[in-house]
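The structure appears below as structure tokens.
The values are calculated or read from the model by the stated rules, or taken from the named source; none is laboratory data. Given the structure is predicted, the values throughout are model-derived calculations rather than measurements. Backbone-built Cβ (ideal geometry, glycine too); neighbour counts: all protein chains shown.
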Amino acid sequence: MNIIQTPLKELLVIEPKVFEDDRGHFFVSWNKKIFEKQGLKLDFVQDNQSLSSKGVLRGLHFQNPPYAQGKLVRVIQGAVMDVAVDIRKNSPTYGEYFSIKLSGKNKTSIWIPPGFAHGFVTLEDDTIFTYKCTAVYNKESEGSIFWNDKDLNIDWGMQNPIISEKDAVSPTFSILRSEF
């Protein structure tokens, strides 16, 4: 497993070692000891999974303290453009984002610590997206940022994605009062 630090501190890309043969493939997607060697003592308490058609955008979402979630995300089938936005007020990269293509083919994961808003847009039909969370979902603690915020200027790689009613009315980054 190769763990790569992104330009946003504590946001990590995880490339698994994949063993392939004529039967298929095998890889380890999560290993507690390897993460602990990186200084990450994580206790996952909830796993989530979504299925989406091509062009669905989910995000940008986060959970405020005391229910802030760290997420280990990956794609089982299909592909997404995954985006994490730093919303930690005292971070030198506050308001900056990192994006990466995650797919069933590349098997790459990303560790998104608490203090980041997260979203993704599906690039293929029947995309299965999964994530392990360090805290359970709490409706009163959920927050979001408008996916097409002009200040963040995220390049999602597509026009007119399919979004939920909730995501269509998310607040802009300029009025975010981050609790991180």
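Observations on the model:
- Every pair of residues 6+ apart whose Cβ atoms lie under 6 Å, when the first sits in the stretch 151-169 and is of a type in the set (Asp, Glu) while the second is surrounded by fewer than 16 Cβ atoms within 10 Å (Cβ to Cβ) and modelled with pLDDT of 95 or more: Asp151/Ser174
- Candidate set from the stretch 89-112 (those that are part of a strand (DSSP E or B) and of a type in the set (Gly, Ala, Ser)); member that is nearest to Lys17 (Cα to Cα): Ser109
- Output for the stretch 1-26, where each listed residue is among the hydrophobic types (A, V, I, L, M, F, W, C), in a loop (DSSP other than H, G, I, E, B), surrounded by fewer than 16 Cβ atoms within 10 Å (Cβ to Cβ) and at pLDDT 95 or above: Val18
- Sole exception among (1) over 23 Å from Ile3 (Cα atoms); (2) more than 15 Å from the chain's Cα centre (by Cα) for Ile145, by number: (2)
- Of the residues making up the stretch 109-120, one or more are surrounded by fewer than 21 Cβ atoms within 10 Å (Cβ to Cβ) and either over 19 Å from Val56 (Cβ atoms) or at pLDDT below 95 (or both).
- Here is the figure for the stretch 57-88: residues that are of a type in the set (S, T, N, Q) and either out of contact with any strand residue (DSSP E or B) (no Cβ under 6 Å at 6 or more places or on another chain) or in a strand (DSSP E or B) (or both) total 2.
- In the stretch 36-71, of all residues being under 25 Å from Asp125 (Cα atoms) and hydroxyl-bearing (Ser, Thr, Tyr), the one that is nearest to the chain's Cα centre (by Cα) corresponds to Ser50.
- Output for the stretch 92-106, where each listed residue is more than 14 Å from the chain's Cα centre (by Cα) and either at pLDDT below 95 or closer than 21 Å to Ser29 by Cβ (or both): Gly104, Lys105, Asn106
- So Phe44, is it assigned to a strand (DSSP E or B), aromatic (Phe, Trp, Tyr) and in contact (Cβ under 8 Å) with a residue 60 or more places away in the chain: no
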